[in-house]
Amino acid sequence: MNAGGVVNPGEVVSLGGVVSLVGKLTLEQKVRLLTGADFWSLHAEPAVGLRRLVVSDGPAGVRGETWDERDPSANIPSPTALAATWDVGKVTEIGGLLAAEARRKGVDVLLAPTVNLHRTPYGGRHFECYSEDPLLTARIGAAYVAGLQRAGVSACVKHFVGNDSETERMSVDVQIDERPLRDLYLAPFEAIVREAGVWSVMAAYNGVNGSTMTESPLLRSILQQEWGFDGVVVSDWTATRSTEESARAALDLAMPGPAEMFPAWGDALVEAVRAGRVDEALIDDKVARILLLASRVGALDAESGPAGSAPAGSAPVYDAAAIARELRATAAASFVLARNDGILPLFREGTMAVIGPNAAVARTMGGGSATVSPPYTISPLDGLRGADLDVQYAAGVYPHGRIPEARAPWLSLPDGSGPGVELRFYAPSGELAGTEQRDSSSFTWMNGFGPEYPPDSVGKLEVHCAITATAAGTYELGVSALGRLKMLVSGAEVFDVELELPEGADIVEALMTPPQRIVPVTLAEGESVPVVVEYDVTTSPLGGFATFLQLNLELPHGTDDEEIAAAVALAAACDVAVVVVGTTAQTESEGTDRTTLALPGRQDDLVRAVAAANPRTVVVVNSGAPVLLPWADDVAAVLLTWFGGQEYGNALADVLLGAAEPGGRLPTTWPAVEAGLPPVRPADGVLRYDEGLFIGYRAYDRDGRQPLFAFGHGMGYTTWAHESMAASAGMVSVTVRNTGTRRGREVIQVYASRLESAIERPEKWLAGFAVVDADPGEVLTVSIPIPARTFQHWSSQGWVTEPGTFSLAAGPSSALLPLGADVAVLE
């Protein structure tokens, strides 16, 4: 600290080192720091040299304080894709890229990573989490945190704990027995707190074993006291439901703000302290943690400048080209080649039919908090055309549950001078307050409508644009929003409607999947019609909290039968068919769980028909989470590509043509059928984790069921021999040989087991892993640390080791472990 008791930028201090600053504040000033100033920031406090702290949603990019195309964000591959690399070094680099993005956008704390487990593939945020395995989740999550925090940007690991599904997430009580809670669900958080030293943790909406998480005793007893966490516990947005109970717990920051709009703390907390119902020492501890966080990110000095200053280390510098290279390589490293009869990599010669609903529009991220506005996206069709191939395209089917957003070249400004729309803002009194031109048709505003239009300054919005037909036919045109809307086409009113969410809907549905009103508009080729949407924003049930408005447009198309027939004809006429199927940001989204793992619409029929017409059919699966693939054995190759980020199409072309290795291995088991999967729907407000320790591959092993593709599975473009293994209780050395004809990548996986045990155990569990790259004929020996926790289990006495013989096995997947050794483990 300097002579005035203010922390210098970059100075590393302890929790005790900021206590003297707390004493400079009145109770009112302290409590003011414990509730957000607005949706994305904390209050400044000049009395202690604290500037405004800014937080932002992640984890597929850094959104910043705005949510639109005017301040785009690098869109990285989905967390399932990052975990599929099994590459902690690569994920650390991605963390560094995100730190640079955070600094560019003035963000101090990134609300990521999400380290809840893939308990079931029905989970709506499955794509946003890493793995079904706690060790893989912990290692990937810790690498992400390290990349961020070494550049002085705080990670906020979430959602502590048990937020593994979305149904009734605001109120559900998750019942988890103590051992699976410790062995599985808390394990990634523990590693990221104790080993990666994360600076912030988010408390979940749900309850666990009877206590809602913002009031849970787990925050203090485990997070702070047992693990020694010295950072900030922040509530999930609007999850603070009480004053005294949450204040007496180890919750430090209630978000969002201001306190006038979300009054759980604020004046009510001041009064509770004055009355003696909450000890002021607890308040002091919370404030000290916030000040320590501020010191770590460079915010605790009045002279330190804007949020872009980096305290603990400088973020790497990335220009647009460097970002593109990094994201392209990461996406390719995540793609899992699940099946290949030798067709891949493809030759450049000949004709290629590119088919499918996810081929022409890039599906690069899931819905909800993970959504950002990228500067561009490369679709599979774009990427393959850019690779200078003879490519022809057919949609095949249109499985949208919703009409997609309008886009160029069909959408343009009212005068046709360029893409986008004109927005007009009207004051509550009716006069025009201002206009904006936006190169988008989807708009999300938080706390008003930008700096020029604070909450309550706008009573009505108008969207003015033109829709131009590139082909004659019937276009489906409409809007998505909440509240009263009117649409005029060529000056004639086509609807005047009040759009409402169904009862009990999650707040995220209001932002990601609000109700739509769609009308058919028949146009001649080249015809352009003016369109006006009038939106009475005062009728939105969200008030000034948030506003979402989207203009929607579906192009003319045939019936599914007609489109499938056209795709089949094209496939039959080409040398190879690449069919891109998958989900969308509406299918996989925060706020809702999936009710089926089947591909939306008639995509399965499309794949079967194309494969029957052309035996050289490659299917690319563009989903963030598992989907059913009943035709997997009937096609030449299956490539699982997740939500691949903004460089998705270019990475896909690299892998299909052999310019890059399909480097991914499955971070979650891919089911063949839906039977036997854990449920996501609570009964009477309670969701019981009755499966205990047995999720993912552990459940398949126990039940003797066969998945479609096993945990850890993935093929490359070379072959490997796993030749030998030496093991001790703390280390395994594995020797592998590249027996193929090209350089390749292998993920060596080590699993532990205990055949004779006095306690219930899975058949095997992941104990360690390593990624290797080798040239043809090259032999590598890699040492893989085996942590002591591998041989421990949770009991009423804490973490204990059952002494005796454990077996360690190594190989390329959980289903193929050719090497093994026994190790003696002492108590």
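The values are calculated or read from the model by the stated rules, or taken from the named source; none is laboratory data. On a predicted model such as this, the values are computed, not experimentally measured, just so you know. Heads up, the Cβs are rebuilt from the backbone with ideal geometry, glycines too, and the neighbour counts pull from every protein chain shown. Each accessible area value is taken on the protein alone, full model and side chains, heavy atoms only, with ligands, DNA and RNA left out. Shrake-Rupley method; radii C 1.70, N 1.55, O 1.52, S 1.80 Å.
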Percent relative contact order of segment 19-152, based on C-alpha pairs within less than 8 angstrom and at least six residues apart?
24 percent
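Write out the GluC sites (Glu not before Pro) in segment 390-486 meeting two conditions: DSSP loop, and at most 11 other Cβ atoms within 10 Å of their Cβ. Mind showing how you got there, number by number?
Values: sites: GLU405, GLU422, GLU431, GLU436, GLU452, GLU462, GLU476; in loops: GLU431, GLU452.
Taking segment 390-486 and a limit of 11 other Cβ atoms within 10 Å, the loop GluC sites (Glu not before Pro) found are GLU431.
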Please compute the net charge surrounding LYS486, taking Lys and Arg as +1 and Asp and Glu as -1 over other residues with Cβ under 11 Å from its Cβ.
-3
Assuming 0.36 nm per residue, please report the length gained on full extension of the stretch ASP341 to ALA566 beyond their Cα-Cα distance.
78.4 nm
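Can you tell me the dipole magnitude for the chain around its Cα centre, using point charges on the Cβ only (Lys, Arg +1; Asp, Glu -1), in Debye to the nearest 20?
The dipole of the chain has a size of about 1660 debye.
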Among VAL782, VAL800, ALA815, whose Cα sits farthest toward the positive end of the charge dipole of segment 749-818 (+1 at Cβ of Lys/Arg, -1 at Cβ of Asp/Glu, about the Cα centre)?
VAL800
From phi via Karplus (6.51, -1.76, 1.60), per-residue ³J(HN,Hα) for segment 180-188 in Hz, x at Gly/Pro
x, 4, 6, 5, 10, 6, 7, 4, x
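Show me the GluC sites (Glu not before Pro) within segment 618-726 that DSSP assigns to loop and that have at most 14 other Cβ atoms within 10 Å of their Cβ. Mind dumping the intermediate values first?
Working: sites: GLU647, GLU674, GLU691, GLU723; in loops: GLU647, GLU674, GLU691.
In loop regions of segment 618-726 (DSSP not H, G, I, E or B), the sparsely surrounded GluC sites (Glu not before Pro) are GLU674.
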For segment 516-586 and segment 178-214, write down the distance between their C-alpha centroids in whole Å.
41 Å
Positive end of the charge dipole of segment 1-134 (Lys, Arg +1 and Asp, Glu -1 on Cβ, about the Cα centre): tell me which of PRO113, LEU42, ALA99 has its Cα farthest that way.
LEU42
Accessible area per residue, Å², the chain with all protein chains present, probe 1.4 Å
34 Å²
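Would you mind calculating the gained length between ALA672 and THR719 on full extension (0.36 nm times residue separation, minus the Cα-Cα distance), in nm to one decimal? Walk me through the intermediate numbers first.
Details: separation 47, 0.36 × 47 = 16.92 nm, distance 2.57 nm.
Difference between extended and current length: 14.4 nm.
Of the listed pairs LYS158/LYS286; LYS24/LYS105; LYS105/LYS460, which have alpha-carbon separations greater than 24 Å here? Provide the component values of the computation, followed by the final result.
Values: LYS158/LYS286 19 Å; LYS24/LYS105 31 Å; LYS105/LYS460 29 Å.
LYS24/LYS105; LYS105/LYS460, as the Cα separations exceed 24 Å there.
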Using the Cα centre as the reference, give the magnitude of the dipole from point charges on the C-beta atoms of segment 528-656 (Lys, Arg: +1; Asp, Glu: -1; all else neutral), rounded to the nearest 20 debye.
200 debye
Per DSSP helix of 4 or more residues, -39500 (n - 2.57); summed, then divided by the residues of the chain. What does that give at 222 nm, rounded to the nearest 500?
-5500 deg cm²/dmol
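Based on the Kirkwood radius over alpha-carbon pairs, what value in µm²/s does the Stokes-Einstein equation return for the translational diffusion coefficient of segment 307-442 at 25 °C and 0.890 mPa s?
Numbers: Rh = 19.6 Å.
Rounded, D is 125 µm²/s.
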So if I take the centroid of the Cα atoms in segment 724-782 and the same for segment 325-398, what is the distance between those two points in Å?
31 Å
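Give me the percent of DSSP beta bridges within the chain that run antiparallel, rounded to the nearest 5. Mind dumping the intermediate values first?
Numbers: 107 of 146 bridges.
Bridges in the chain are about 75 percent antiparallel.
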Unit charges at the beta carbon, dipole of the chain: most positive-side option, PRO59, VAL734, VAL278
VAL734
Can you send over the carbon and sulfur percentage of the accessible area for the chain, probe radius 1.4 Å, protein chains only?
51 percent
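Provide the FRET efficiency to the nearest 0.05 for the LEU432-ALA471 pair, computing r from the beta carbons and using R0 = 25 Å. Provide the component values of the computation, followed by the final result.
Numbers: r = 36 Å, r/R0 = 1.45.
Given R0 = 25 Å and the Cβ-Cβ separation, E is 0.10.
Starting from the Kirkwood radius over alpha-carbon pairs of segment 689-827, derive D by Stokes-Einstein at 4 °C in a medium of 1.567 mPa s and give it in µm² s⁻¹. Can you show the working numbers first?
On the way: Rh = 16.1 Å.
This corresponds to a translational diffusion coefficient of 81 µm²/s.
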Return the sequence-ordered ³J(HN,Hα) values of segment 604-614 in whole Hz as given by the Karplus equation 6.51 cos²θ - 1.76 cosθ + 1.60 applied to θ = phi - 60°, using x for Gly and Pro.
4, 4, 4, 4, 4, 5, 5, 5, 5, 7, 9
Contour excess over end-to-end distance, with Cα ends at ASP415 and SER796 and 0.36 nm allotted per residue:
129.9 nm
From the C-alpha gyration tensor of segment 5-132, square roots of 5λ in Å
33, 17, 16
